[in-house]
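The values are calculated or read from the model by the stated rules, or taken from the named source; none is laboratory data. Predicted, not measured: the structure shown is a model, and the values here were computed from it. All Cβ positions, glycine included, derive from the backbone under ideal geometry; neighbour counts span all protein chains shown.
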Amino acid sequence: MTISIQLPEDMENRLVHDVGHDKSFFVIEAICEQLDDIEDAYLALAVSENIRTGEMRTYTIEETRQELGLNN
């Protein structure tokens, strides 16, 4: 995939000269850093939709304790 990003000249100079990496490096780093959070958000939306439509259900703490034999 090819992405084109226009940064202000001073910002690009700081990245290249001060930090030593090009724009591509920072774009890849930013995407990698956020990817897990984005995937988690989509999974949470899918689960909540499944609960809303009745495809999945939730359990109370009492039901969970009962199932695990933790009633004591």
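Only one of the numbered conditions (1) at pLDDT 90 or above; (2) assigned to a helix (DSSP H, G or I) is not met by Arg14, and that is (1). Gln6 falls short on exactly one of the conditions (1) exposed (fewer than 11 other Cβ atoms within 10 Å of the Cβ); (2) in a helix (DSSP H, G or I); (3) at pLDDT below 95, and that condition is (2). Scanning region 22-72 for residues that are assigned to a loop (DSSP other than H, G, I, E, B), modelled with pLDDT under 90 and surrounded by 10 or more Cβ atoms within 10 Å (Cβ to Cβ) yields a single hit, Asp22.
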